[in-house]
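Q: This is the structure, below, for whatever I ask next.
The values are calculated or read from the model by the stated rules, or taken from the named source; none is laboratory data. Owing to the predicted nature of the structure, the values given are computational and were not obtained by experimental measurement. Positions of Cβ are backbone-derived with ideal geometry, glycine not excepted, and every protein chain shown enters the neighbour counts. Heavy atoms of the whole protein, side chains included, go into the accessibility calculation; ligands, DNA and RNA do not. Shrake-Rupley method; radii C 1.70, N 1.55, O 1.52, S 1.80 Å.
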Amino acid sequence: MHEKFLKPYNPQETEEKIYKIWEDSGYFNPDNLPERHQKPYSMVLPPPNVTGILHLGHADMLAIEDTAIRFQRMQGKKTLWLPGTDHAAIATQTKVEKLLAKEGIKKHDLGREKFLDKVNEFAMDSQKTIISQTKRMGSSLDWSRLAFTLDEQRNLAVKTAFQRMYEDGLIYRKNKVINWDPKGQTVISDDEIVYEERKTTLYTFKYSKDFPIAISTTRPETKVGDTAVAVNPNDKRYKEFVGKTFEIEDFCGVKLSIKIISDREVDPEFGTGALGVTPAHSKVDEKMALDNNLPSKEIISEYACMKNVGENLNGKKVKEAREIVIGWLKENNLMMEEKEIEHNVSTAERTSAVIEPLPKLQWFIDVNKKFKLPHSKIEGIKTSEEVCLKDLMKKVVETKEVKILPDRFNKTYFNWIDKLQDWCISRQIWYGHQIPVWYKNKDKSDEEVHVGIEAPQENSWEQDPDTLDTWFSSGLWTFSTLGWPNKTNDLELYHPTDLLETAHDILFFWVARMILMSTYLIGEIPFKTVYIHGLVRDDKNRKFSKSLGNAIDPLDIIEKYGTDALRMSLLVAVAPGQDVKFSEDKVKAYKKFSNKLWNITRFILDNTQALGEIDFDSEELRKIRSSNLQIEELEKIISDITSDMENYRFYLASEKIYHYTWHEFADKIIEESKSKLSDPNLSDGQRKETQLILLYILQNILKILHPFMPFITEEIWSELPIKNKKLLMIENWPNSN
RNA sequence: GGGCGAUUAGCUCAGUUGGUAGAGCAGCGCAUUUACACUGCGAAGGUCGGGGGUUCAAAUCCCUCAUCGCCCACCA
């Protein structure tokens, strides 16, 4: 008899076996799906960084995406869910550098090539781990199409994209004030800056006794690089000085020439209402300097040390220099006030180093420059219409051609676009896509530049040593994974993708950049719907992190309760965009649910053995279905659930299935059937009808529960006496044909 | 400075277009040679953050206040 069902459900014995059956079936690959699967439905996996192992956040992402794709597959779509990993340039390089440091090895000792070998080795190891963990989550990804943001095909895509943007004048190289990370020794983009609120002292002083205006600053050491003082044009206090230039013979060992200028940006209420302008070490000041034709004086080096200044300061770290300047000001009775204030300090996301703005020759993407879009399938934008990248990013969300769930993130998105400035894409690190630009006579007056896919033939050319921001290649992900720039069937069939599911913290980094790249390069949106999930937090509402020591390995939870239970705990009642509080009790609850379902099956199988194999399409069943109240109710619930699924309301659908299964089917329908089936006066026909209804409801529950709890449902399905049975993963969703 | 979100049972959170407040966990009472103790039945528990408004009807829509949280921004 059904011996398997005599013991409680055992996920450990089941899950690995089932995953193998799925993989062997080939159905993860849309090319192998049966005939009825015609209309494509596609999604790319947000590629995990190859820096380590998966955490609960990944588990959450995989649970949601697998649920989405399994639902669509059962609905008869030609489903592609495409896997890959991200090289995560800075993060991975930093990680490997740390590992090597433990062995006492520095990257410069190895040299670029050997170092990169080490990083690659690490990345590939990491990828292997990630893949096996992803499989444990039950993810029905098409492994035959696995991609990596730094593999050859993706490199071709990156070079092609770069070249095209360069030729359209959207990529330019310029010397300007950028965000320099002195610890990571690289430029970073505005989005990689994290502002930290810190207490700082605001110093108010004069450059010299005779100087007419006092200024306020939190960084006195930078004032040796000042070339102007800016005041608000409406500030009556200073009006008489605007336009004049003052020579200061000695400001802490440096000769200054300060012009008084006026600028609307200056807040008359702040400090003294006058701002010392340091063109080389502040973006705002740089702009004022350009507007007023002021000279720029570089006084801070890449190592955050002073340079081009007096003996007393040269070579000193900025913090030491600050003390020296403060001391000098006090000695000379120029310091007027010291005040504690709360101040935002910009730090680098990866290294936490304080950012030093300084001028550097870098590559940028111009987001405001107008160009003619060669091919457009975008709503509201015609082919050859003149647009800028910002317009493209804005338009597709405005028209809802790209729909963001939940809705409120639209505002966040537009807010970001409005403030967006040119994107600095070059990085001074080794690991990543090397910039496809070659120079002849570099940095000389007769410098020549070649931008292209291949290096020029002659050997007098040298390639730009810098690499591209990792998000440049991630931005191409929806179509580089489908074979672009080649014209492939995959690209034709699966792009634009249907769903992009991701966390809200990379809405700007990634989602916006994908929209930029896709609309620009292929003239269409990258995806139709963006589903944003929240953060997974611990039971005390804290983020999971290594430093807090609260990290949970999803595999431990899977060992204990099974993947299905973990998936349900992350899905039920968690609305899009909402943070999930992870609780082991919740997982436990769905482990119990697994067992409930297991026992429901045992009861039904034990009580329907006499029936033999059942054809659910038979006339007899059709009759029962059309006249039975319980089935009518079931069908109503299924139709509700289907609509929830179609509208990505997994959090509601899963709860409804749970509730129906336990409190309607088990508690009521099965309970009632007990007295019926044990009634000796029951006719054979009535008995059979009762049995058939139980089996019919069970098989429908398995179907609608499958996207959420794929393993246990597939396992039970394999034991049901159904005629013409396929794997549950490709069965028809009820009420859809 | 600008924007967004949250506030519902002891705890964690659902509640799709306004129509008699829901789940999980915890706790209470009862049942139990039961498909399932990874169980069933039952009861208890809420002025849906405060105040005001719209409506026949508000957790849901509008205004306002409070507390907590998040994001953005070149106030030196």
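Q: With angles folded into 0 to 90 degrees, how steeply does helix A:112-136 sit against the dominant principal axis of chain A? Use alpha carbons for both and round to 10.
A: For helix A:112-136, the angle is close to 30 degrees.
Q: What is the local net charge at A:Gln463, summed over the other residues whose Cβ is closer than 15 Å to its Cβ (Lys, Arg +1; Asp, Glu -1)?
A: Numbers: positive: A:Arg112, A:Lys159, A:Arg173, A:Arg427, A:Lys440, A:Lys442; negative: A:Glu113, A:Asp443, A:Glu447, A:Glu448, A:Glu454, A:Glu458, A:Glu462, A:Asp464, A:Asp466.
Neighbour charge sum, excluding A:Gln463 itself: -3.
Q: Which residues does the label zone of A:Glu13 cover in the stretch A:697-722, counting backbone N under 14 Å from a point 7 Å along Cα→Cβ?
A: Answer for this model: A:715-716.
Q: When the Kirkwood hydrodynamic radius is evaluated over all pairs of different C-alpha atoms of the stretch A:9-139, what value in angstrom, to one decimal, is obtained?
A: Taking the inverse mean of 1/r over all distinct Cα pairs, the stretch A:9-139 comes out at 17.0 Å.
Q: Right, next: Starting from one equal scatterer on each C-alpha and no solvent at all, send me the Debye-based log10 I(q)/I(0) for the stretch A:231-344 at q = 0.10, 0.19 Å⁻¹, two decimals.
A: Per q value, in the given order, log10 I(q)/I(0) is -0.34, -1.31.
Q: Let me ask something else about it. Over 20 Å apart: what share of the alpha carbon pairs of the stretch A:332-403 falls there, rounded to a whole percent? Write down the numbers at each step before the final one.
A: Details: 1599 of 2556 pairs.
Distances greater than 20 Å cover 63 percent of the Cα pairs.
Q: Whenever you get a sec, line up A:Lys560, A:Lys319 from highest to lowest accessible area (probe 1.4 Å, protein heavy atoms). Don't skip to the answer; put the middle values down first.
A: On the way: A:Lys560 125, A:Lys319 155 Å².
Sorted by accessible area, descending: A:Lys319, A:Lys560.
Q: Placing +1 on the Cβ of each Lys and Arg and -1 on the Cβ of each Asp and Glu in chain A, which of A:Val44, A:Ile435, A:Tyr658 has its Cα farthest towards the positive end of the resulting dipole?
A: Result: A:Tyr658.
Q: Please report the relative contact order for chain A, taking Cα pairs under 8 Å with a sequence separation of at least 6, and give it as a percent rounded to a whole number. Spell out each step's value before the answer.
A: On the way: 1274 pairs, mean separation 121.8, N = 737.
In percent, rounded to a whole number, it is 17.
Q: Would you kindly state how much longer the chain becomes between A:Asn308 and A:Glu340 on full extension, computed as 0.36 nm times their sequence separation minus their alpha carbon distance, in nm to one decimal? Provide the component values of the computation, followed by the final result.
A: On the way: separation 32, 0.36 × 32 = 11.52 nm, distance 3.00 nm.
Net length gain for the segment: 8.5 nm.
Q: Further, regarding this structure: So for the pair A:Ile722, A:Glu398, with labels modelled 7 Å out along Cα→Cβ, what separation do we get in nm?
A: Here the answer is 4.9 nm between the modelled labels.
Q: Using a 10 Å cut-off on Cβ atoms, rank the peptides A:649-658, A:327-336, A:622-631 from the highest mean neighbour count down. All intermediate terms of the calculation are to be shown ahead of the outcome.
A: Working: A:649-658: 20.5, A:327-336: 15.1, A:622-631: 13.2.
Those peptides, ordered most packed to least, come out A:649-658, A:327-336, A:622-631.
Q: What relative contact order, as a whole-number percentage, does the stretch A:646-736 give when Cα pairs under 8 Å and 6 or more residues apart are counted? Spell out each step's value before the answer.
A: Values: 37 pairs, mean separation 21.9, N = 91.
Averaging sequence separation for qualifying contacts and normalising by length gives 24 percent for the stretch A:646-736.
Q: Could you compute how much accessible surface A:Val44 exposes when probed at 1.4 Å, giving the result in Å² to the nearest 10?
A: About 0 Å², ignoring ligands and nucleic acids.
Q: Restricting attention to the alpha-carbon atoms of chain A, what are Rg (one decimal) and Dmax (integer), both in Å?
A: 32.0, 114
Q: Now, a different point. May I ask for the angle, rounded to the nearest 10°, between helix A:629-646 and the longest principal axis of chain A, with both axes built from Cα atoms and the value confined to 0 to 90°?
A: Tilt relative to chain A: about 20 degrees.
Q: With N residues in the stretch A:449-552, what two-decimal value do you get for its Cα radius of gyration over 2.2 N^0.38 Å?
A: Ratio of Rg to 2.2 N^0.38 Å for the stretch A:449-552: 1.49.
Q: Which of the trypsin sites (Lys or Arg not before Pro) found in the stretch A:401-446 are loop residues per DSSP with 15 or fewer other Cβ atoms within 10 Å of their Cβ?
A: A:Arg408, A:Lys442, A:Lys444
Q: Which of the aspartates and glutamates could a cross-linker span from A:Lys316 if the Cα-Cα distance has to be under 14 Å and same-chain partners fewer than 8 positions apart are dropped?
A: Straight-line reach from A:Lys316, under 14 Å: A:Glu221, A:Glu302.
Q: Of A:Lys159/A:Lys183; A:Lys623/A:Lys676; A:Lys174/A:Lys419, which ones are farther than 24 Å apart at the Cα? Provide the component values of the computation, followed by the final result.
A: Values: A:Lys159/A:Lys183 29 Å; A:Lys623/A:Lys676 20 Å; A:Lys174/A:Lys419 21 Å.
Violating the 24 Å limit, Cα to Cα: A:Lys159/A:Lys183.
Q: Now for a different question. What does the highest-first list of A:698-708, A:280-290, A:230-240 look like by mean Cβ count within 10 Å? Please list the in-between numbers first.
A: Numbers: A:698-708: 23.1, A:280-290: 19.8, A:230-240: 16.3.
For the peptides A:698-708, A:280-290, A:230-240, the packing ranking is A:698-708, A:280-290, A:230-240.
Q: Sticking with this structure for a sec: Distance in nm between label sites at A:Ser618 and A:Glu249, each 7 Å beyond Cα in the beta-carbon direction?
A: It works out to 11.2 nm between the two label points.
Q: Another question, if that's okay. Run a plain Debye calculation on the stretch A:560-697 (Cα atoms as equal point scatterers, no solvent) and give log10 I(q)/I(0) at q = 0.21, 0.22 Å⁻¹, rounded to two decimals, same order as the q list.
A: -1.30, -1.36
Q: So if each residue of separation counts as 0.36 nm, and I subtract the Cα-Cα distance between A:Ser301 and A:Glu386, what length gain in nm does that give?
A: Details: separation 85, 0.36 × 85 = 30.60 nm, distance 4.12 nm.
Gain on stretching A:Ser301 to A:Glu386: 26.5 nm.
Q: Shifting gears a bit: Quick check on chain A: of the DSSP beta bridges with both residues there, what percent are antiparallel, nearest 5%? Mind showing how you got there, number by number?
A: Numbers: 55 of 80 bridges.
Of the beta bridges lying entirely in chain A, close to 70 percent run antiparallel.
Q: Excluding A:Gly276 itself, what net charge comes from residues whose Cβ is under 13 Å from its Cβ, given Lys and Arg +1 and Asp and Glu -1?
A: After counting each charged neighbour, the total is +1.
Q: Right, something else. Calculate how steeply helix A:584-607 sits against the longest principal axis of the alpha-carbon atoms of chain A, using the helix alpha-carbon long axis, and give the answer as 0 to 90 degrees to the nearest 10.
A: Taking Cα atoms only, the helix is inclined about 20 degrees.
Q: Which of A:Lys581/A:Lys703; A:Lys223/A:Lys307; A:Lys223/A:Lys360; A:Lys372/A:Lys395 have a Cα-Cα distance over 22 Å? Don't skip to the answer; put the middle values down first.
A: Details: A:Lys581/A:Lys703 28 Å; A:Lys223/A:Lys307 13 Å; A:Lys223/A:Lys360 20 Å; A:Lys372/A:Lys395 15 Å.
Distance filter (> 22 Å) returns A:Lys581/A:Lys703.
Q: Taking the Cα-to-Cβ direction at A:Leu110 and at A:Lys330 and moving 7 Å from each Cα, how far apart do the two end points lie in nm?
A: About 4.7 nm, to one decimal.
Q: Radius of gyration and Dmax for the stretch A:619-737's Cα atoms, expressed in Å?
A: Rg and Dmax of the stretch A:619-737, Cα atoms, are 14.8, 48 Å.
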